[in-house]
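Take a look at the structure set out below.
The values are calculated or read from the model by the stated rules, or taken from the named source; none is laboratory data. Keep in mind that what you see is a predicted model, and the values were worked out from it rather than measured. FYI the Cβ positions are ideal-geometry reconstructions off the backbone, even for glycines, and counts take in every protein chain you see.
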Amino acid sequence: MILLRSRRARAGLAGVAALVAAVTFASCSSTTDNGTSSAPVDLGKPMDAAAASKLAIEKAGPIEFATGDTVRGVNGKVITIGGVADVKDTTGIENFPGVCDGAKARFERANREGGVNGYTFSYAGCTDSGADPTTSKDAVTEMVEDKKVFGLVPFTATVSTVGDYLNDKHVPYFGWGISNDYCGWNNRQFGFSVTQA
């Protein structure tokens with residue numbers, strides 16, 4: 001009975017891995033990096049971790065490892081973090097209420113509890129990108145160039161196109177994978193999406 005459950009659990013996890021891979025590639029692009037069409041993924045076929053990894057490499061290409069150091073935003077034992085988010089859309093509706101306040105509160109809590117591995121955080125604020133690509137680009141540039149942030153938490157600008165910039169500058173960014181800035185596991189090493197895009 002335990003063996004049967006274990007096999008079912010492994011098959012279930014492999015199925016979830018295949019589904020995540022399929023959704024990831026489908027949501028970001030219907031073509032591979034070289035512009036050719038990619039074949040659809042059979043969601044009904046369970047696969048193990050090795051097969052899922054092989055599929056990911058076939059569909060998205062090999063990962064390009066990031067090189068170099070990032071020291072921006074680290075002053076001794078204090079790490080500066082900022083955020084850029086679509087707090088309100090172009091009509092003024094607040095689609096993600098509390099996203100900036102929540103991030104700030106979490107860093108404040110970490111500081112009250114003594115930080116992480118001896119590091120504390122300085123939150124530089126969170127800018128509303130207003131679902132506008134120009135505003136998003138300006139806000140991200142200000143956070144990186146002027147406020148010298150180490151990373152962006154949250155980064156939930158839905159119509160943003162600054163993924164190349166953030167990765168070139170080695171700025172880790174965290175948020176929902178709802179923009180093309182999170183697409184491409186092989187050239188978005190600094191993008192961390194809770195939706196796995």
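Considering segment 93-173, the qualifying helices (runs of 4 or more DSSP H), each wholly inside and each with 1 or more residues that are basic (Lys, Arg) and at pLDDT 95 or above, run over 99-112, 133-141. Among the residues making up segment 51-90, those that are exposed (fewer than 14 other Cβ atoms within 10 Å of the Cβ) and modelled with pLDDT of 85 or more are VAL74, ASN75, GLY76, LYS77.
Could you say which residue among ALA124, ALA139 is surrounded by 19 or more Cβ atoms within 10 Å (Cβ to Cβ), small (Gly, Ala, Ser) and more than 19 Å from the chain's Cα centre (by Cα)?
Result: ALA124 is the single residue among ALA124, ALA139 that is surrounded by 19 or more Cβ atoms within 10 Å (Cβ to Cβ), small (Gly, Ala, Ser) and more than 19 Å from the chain's Cα centre (by Cα).
Picking from residues in segment 95-121 that are surrounded by 15 or more Cβ atoms within 10 Å (Cβ to Cβ) and among the polar types (S, T, N, Q), the one that is farthest from TYR173 (Cα to Cα) is ASN111. The combined condition, being surrounded by 13 or more Cβ atoms within 10 Å (Cβ to Cβ), closer than 21 Å to ASN180 by Cβ and out of contact with any Ser or Thr (no Cβ under 7 Å at 6 or more places or on another chain), is fulfilled by GLY163.
Contact map, segment 94-106: residues that are assigned by TED's automatic domain parsing to the domain that holds ALA157 and of a type in the set (Asp, Glu) paired with residues that are loosely packed, with under 12 Cβ neighbours inside 10 Å and in a helix (DSSP H, G or I), Cβ distance under 7 Å, separation 6+ or inter-chain. No pairs are found.
Quick check on segment 129-143. Is at least one of its residues without any contact (Cβ under 8 Å) to a residue 24 or more places away in the chain and on the phi > 0 side of the Ramachandran plot? The answer is no, given that none of the residues of segment 129-143 is without any contact (Cβ under 8 Å) to a residue 24 or more places away in the chain and on the phi > 0 side of the Ramachandran plot.
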